[in-house]
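Here's the structure, in structure tokens; my notes come after.
Computed from the coordinates by the stated procedures, all read-outs in this text should not be read as laboratory data. Owing to the predicted nature of the structure, the values given are computational and were not obtained by experimental measurement. Note: ideal-geometry Cβ built from the backbone for every residue, glycine included; neighbour counts use all protein chains shown.
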Amino acid sequence: MTSQAGTAVTRTTRNPQIIVNFEPERVAAPFFLRCGAALIDYILVLIAPVAMMLLGRYFGNDGARLVGGSLNDTGWLIAVLVGSANFILLPIFSGQSIGKAVAGIKVVGIDGNQAGPTRIVLRQLLGYGLTLGSLGLGFLFSVINRSGRSLHDYLFGTVVIFAQRKYK
């Protein structure tokens, strides 16, 4: 009689959430709520450079010393780090930047499921770049269509919806 040591076999099955009858038109975030979220994000990113510039001014720096000083450089470095985390990392993991979280909205795929990391990165970098490159006209798409999607949403198959809403 042989005794075999049993090995534990674990299977990780990923049960994707199935969303039935998802209609972006019913749950799409309105244009001005999206603008409010973007304004919150913008203010958050600019806090460090403005604070460092004011601190430099408090210490007596002015003119070229104020703009070219190490405090100003530190403020902009912090702004780049905060901006990268807020506009790329947070949306990858949660579908929301801080501004979107405060406003109660979220980026999801057009089918209502969480958008994948590649889609989010492309949307945030390339999509926003193209939208801003169109002098902001890409944002106006969300005003004139029923689904509330902007140019970057159309390009990468996403939609911004209310985060707290239950949809059936």
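What the table below lists for this structure:
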{"quantity": "Loop chymotrypsin sites (Phe, Trp or Tyr not before Pro), the stretch 110-168, which have at most 14 other Cβ atoms in a 10 Å radius of their Cβ (DSSP)", "calculated": "Tyr167"}
{"quantity": "In the stretch 59-150, the trypsin sites (Lys or Arg not before Pro) that fall in loop regions by DSSP, at most 12 other Cβ within 10 Å", "calculated": "Arg146"}
{"quantity": "Förster radius 30 Å - calculated FRET efficiency between Ser70 and Leu137 (Cβ-Cβ, nearest 0.05)", "calculated": "0.15"}
{"quantity": "Potential lengthening between Ile78 and Arg26 on full extension [0.36 nm per residue; Cα-Cα distance subtracted]", "calculated": "14.9 nm"}
{"quantity": "Chain lengthening between Val50 and Thr118 when straightened (0.36 nm per residue, less Cα-Cα)", "calculated": "21.2 nm"}
{"quantity": "Length released on extending from Phe59 to Ala85, taking residue separation times 0.36 nm less the Cα-Cα span", "calculated": "6.4 nm"}
{"quantity": "Principal axis dimensions, the stretch 28-162 - Cα atoms, whole angstrom, descending", "calculated": "55, 28, 24"}
